[in-house]
Amino acid sequence: MTAFAAALGRELRLAIREPGEAAAAVMFFVLATMLFPFGVGPEANLLARIAAGVLWVAALLAAMLSLERLFLGDYEDGSFEILALAPLPLSLIVGAKMLAHWLTTCIPLIVATPLMAVLLDLDTGGYFALVAAMALGTPTISLVGGVGAALTLGARRGGMLLSVLVLPLLIPVLIFGAGAVDAALAGHAVRQQLMVLAAMFLAASALCPWAAAAAVRQALE
Amino acid sequence: MSGLHRFASPARFLRLADRIQPWTAWTAAILIGAGLAVGFGFSPPDYQQGDTVRIMYVHVPSAWMALFCYAAMAVCAAAGLIWRHPLAHVIAHGAAPIGACFTIVCLATGMLWGKPMWGRWWAWDARLTSVLILLFLYLGYIALANAFDNTTRGDRSSAILALVGAVNLPVIKFSVDWWNTLHQPASVTRIGAPAIHSSMLTPLLLMAAGFMCLFATLLFIRVRAALLERRLRALRHARAHAPPAGGMDTGTTLS
Amino acid sequence: MTELYEFLAMGGYAGFVWPAYAVAAIVIGGLAVQSVRSLRSLRREVAALEEAQPRRPRHTRGRPGSGTGDAA
């Protein structure tokens, strides 16, 4: 476990040393959400109805932007070969990177979401469901996005390709994430959607590091 | 597994293809011809949907083929990654565009069937939505397969993506169905498959079998082309790295 | 003749049934034509390249100055 903690610590130190990445993702999220009132008009109850969907789509796209850099830094300067030789299995190293991405990028997004929900006049009933769904949904985004980042290592136009590959796979997270908020606003119990989100998170946390490690291993050959 | 390995070497696969391809091509033509003849000539219009039900004879088989092609790609991906089957990736590359075309046909005919039935070209019906997502899985696969300079990288990455996509397909189908029943727009009456009377079932099965043979024929052609393309790349590579030393009489100009 | 018109009218839905089959024919036909054409052009290129630089010039190894005999 200490090796995993060391790998995670290295990632977090790297991320803290250049906070620009996480800040860029949050800024994109805020900007993307802010564009909608100019698009659909400032009318409160319309914004309230689409608030959950807008916030989720903006968070999904913001996470996509920061995923491209997930493995690229280590891959380009060759330190991934050394990491691969570490006693830690490659899937745990890759898992540590995904966890670091979640901590450095998705947590700021989760913090920013209620603030932006205020801008979109979300009803008070939806806030808890929104934050809970985000907390359970964004890890799956980091995990599945990590597989996409590993697959597009060294590909031409990797960043754009990453989004094309990963967004269709994240549609279930979007459906249940936004569905949780709608259920809360309609007064139904939110447990069902949150349980499905948690199930997807657990399945992804089991499969995605292994798949991403396989993708990275063939990229290192 | 040894059976599969018998066809492993490209040469043997090509010899097999030469023998089978004319047969599959002809059976495809005959089956589709028969399917159309029976579909248009002998099967009655649906009591509810009238003649638009005839679109089903091309819409449903293409939907089946879209799913079948993705399943075939996932199996080839697994064979390529796990057993290092040399031909698996080439076959998966050949199958992807065919599957994408079947998906496009399925969506287009679905929309053309939806307009008279639902009054709108596109309705977020669970099945149409799932097939639309399947199309993006295909396009993602094709984009990734061609995004690398060396072919082995492209092969393995796209194989992993095909497997990840195959694992995700049931989850996507489940969540889209759940989402659709939740947001069931009043106007879209969920068209259950029309009660398949035998007069409608036979053309449907004929067309499905015809599409399967058509897929096999196109796959043989595309795999042959993919093998030739790799051979061409190898030849160009060899030529670039070993210019003929003083080869006066051959006079090979680097065209 | 009216039999033909009736048939073509498709019970009033001609505007949907025939375009559906047209789209299927165009997409699948286009794919088939593209596949066959790319196969033919690849065959020509490979044949041209192969005949220009025989891959295994076995018989030329012995004879001096026979072009690509001593190439890598």
>> Yes or no: region A:174-190 includes at least one residue that is facing chain B (nearest Cβ under 7 Å), among the aromatic types (Phe, Trp, Tyr) and either touching a Ser or Thr at 6+ places or on another chain (Cβ under 7 Å) or farther than 21 Å from residue A:64 by Cβ (or both).
In response: yes
> Taking into account only those residues within region B:57-109 that are among the aromatic types (Phe, Trp, Tyr) and within 12 Å of chain C (Cβ to nearest Cβ), which is nearest to residue C:19 (Cα to Cα)?
Replying inline: B:57
>> Please pick out the residue among C:32, C:24, C:14 that is over 22 Å from residue B:226 (Cβ atoms), buried (at least 16 other Cβ atoms within 10 Å of the Cβ) and facing another protein chain (nearest Cβ under 9 Å).
In response: C:24
> Would a scan of region B:40-54 turn up a residue that is modelled with pLDDT of 80 or more and more than 11 Å from chain C (Cβ to nearest Cβ)?
Replying inline: no
> residue B:104: surrounded by fewer than 24 Cβ atoms within 10 Å (Cβ to Cβ), modelled with pLDDT of 95 or more and in a helix (DSSP H, G or I), yes or no?
Replying inline: yes
>> For a quick check of your reading of the model, give me the residue pairs whose first member lies in region A:185-204 and is at negative phi and crowded, with 20+ Cβ neighbours inside 10 Å, whose second is at pLDDT below 95 and of a type in the set (S, T, N, Q), with beta-carbon atoms closer than 8 Å and at least 6 apart or on different chains.
In response: A:196/B:175
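Quick grid of which residues meet (1) under 20 Å from residue B:14 (Cα atoms); (2) β-branched (Val, Ile, Thr); (3) outside any loop (DSSP other than H, G, I, E, B); (4) free of Cβ contacts under 8 Å to residues at least 24 places away in the same chain:
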site	(1), (2), (3), (4)
B:35	no, no, yes, no
B:38	no, yes, yes, no
B:54	no, no, yes, yes
B:59	no, no, yes, no
B:65	no, no, yes, no
B:69	no, no, yes, no
B:74	no, no, yes, no
B:86	yes, no, no, no
B:96	yes, no, yes, no
> Does residue A:99 qualify as being aliphatic (A, V, I, L, M), in contact (Cβ under 8 Å) with a residue 60 or more places away in the chain and away from chain B (no Cβ under 14 Å)?
Replying inline: yes
> If you take the residues in region A:122-162 that are crowded, with 19+ Cβ neighbours inside 10 Å and among the polar types (S, T, N, Q), which one is nearest to residue A:196 (Cα to Cα)?
Replying inline: A:140
>> Looking at A:12, A:35, A:47 in this structure, which one is surrounded by fewer than 17 Cβ atoms within 10 Å (Cβ to Cβ), more than 18 Å from the chain's Cα centre (by Cα) and of a type in the set (A, V, I, L, M)?
In response: A:35
> Residue check, residue A:127 against (1) assigned to a helix (DSSP H, G or I); (2) within 22 Å of residue A:208 (Cβ to Cβ); (3) without any contact (Cβ under 8 Å) to a residue 24 or more places away in the chain, all met but one. Which one?
Replying inline: (2)
> Which residue pairs have Cβ atoms under 9 Å apart, sit 6 or more places apart or on different chains, and have a first residue in region B:105-130 that is closer than 16 Å to residue B:46 by Cα and a second that is modelled with pLDDT of 90 or more?
Replying inline: B:113/B:59; B:113/C:20
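The values are calculated or read from the model by the stated rules, or taken from the named source; none is laboratory data. Because the structure is a prediction, the values reported are computed rather than measured. Methodologically, a virtual Cβ is constructed for each residue, glycine included, from the backbone with ideal geometry; neighbour enumeration extends over all protein chains shown.
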